[in-house]
Amino acid sequence: MSSIQFSVKGSEVMRVLVLYDTVSESKMTKQVAESITETLKENGIDVDSFYVKDIDAAKVKEYGCLIAGAPTMAFRATVGIMDFLNALGESEFAGIKAATFDTQIKAAITGNAAKGIEKKLEKLGFTIFKEPLVVYVERKDKNLWQFKAGQVEKTKAWAQELAKKLSE
Ligand SMILES: Cc1cc2nc3c(=O)[nH]c(=O)nc-3n(C[C@H](O)[C@H](O)[C@H](O)COP(=O)(O)O)c2cc1C
């Protein structure tokens, strides 16, 4: 008696990289990255998540989609994420999807790390396929931060939409 093995190996499955920087003790942006990663996994998406200092820039090319985020610090994306992105070779990323996220305070003039990262990714040739996710935080104590009301839910909803777009 013979058994036939069915394999899904023949079909390309898109791998997603969630890349983040995080600076404060509260690790707010890391928490956002974890929430996005978890939601993508729940939707059956093949996803890896890395702190920007724990992954080599050469690895980015192995993924079909990059979701990159950082805290907004001094009105812009952190030096950590921008140094990483600046180390990527230009014109190697045509056809790779990307979307961005950040954490920031809610005020009249704050800067927007997600927009800055998006601009850089566009320049590198990535295809932006979803609007940035901005997650608002507030000071809890001297050096500690917490999410403003509704931001955890907003993150989940954004990640759900992302999963849907990736499955289209
Ligand atoms: C030194 C410092 C500078 C900051 N500058 C800004 C800023 O320019 N705009 C803003 O919206 N938030 C600013 N923030 C708030 C951070 O974006 C916020 O604390 C963020 O969630 C920290 O993310 P992390 O916990 O992942 O490091 C600043 C925070 C610190 C500590």
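Any read-out appearing in this document is the output of simple, stated calculations on the displayed coordinates, not a laboratory observation. Predicted model, so just to flag it, every value in this text is computed and none were measured. Heads up, the Cβs are rebuilt from the backbone with ideal geometry, glycines too, and the neighbour counts pull from every protein chain shown.
Observations
- Qualifying trypsin sites (Lys or Arg not before Pro) in the stretch 38-128, where qualification requires a DSSP coil assignment and no more than 13 other C-beta atoms within 10 Å, comprise LYS106.
- Folded to 0 to 90 degrees: helix 151-167 orientation relative to the chain principal axis, Cα: 30 degrees
- In order along the stretch 118-134, the phi-based Karplus estimate (6.51 cos²θ - 1.76 cosθ + 1.60, θ = phi - 60°) of 3J(HN,Hα) comes to 4, 4, 5, 5, 4, 5, 7, x, 5, 9, 6, 10, 7, 5, x, 9, 9 Hz; Gly and Pro are listed as x.
- Cβ-based charge dipole, the stretch 37-168, positive-most Cα from PHE93, THR37, GLY69: GLY69
- Total formal charge among the other residues, if their Cβ is under 12 angstrom from that of MET28, Lys/Arg +1 and Asp/Glu -1: 0
- Total formal charge among the other residues, if their Cβ is under 13 angstrom from that of ILE128, Lys/Arg +1 and Asp/Glu -1: +4
- Taking GluC sites (Glu not before Pro) across the stretch 49-145, the ones in a DSSP loop with at most 10 further Cβ atoms lying within 10 angstrom of their Cβ are GLU90.
- Computed from the C-alpha gyration tensor, the three semi-axes of the ellipsoid equivalent to the chain are 30, 19, 14 Å, from longest to shortest.
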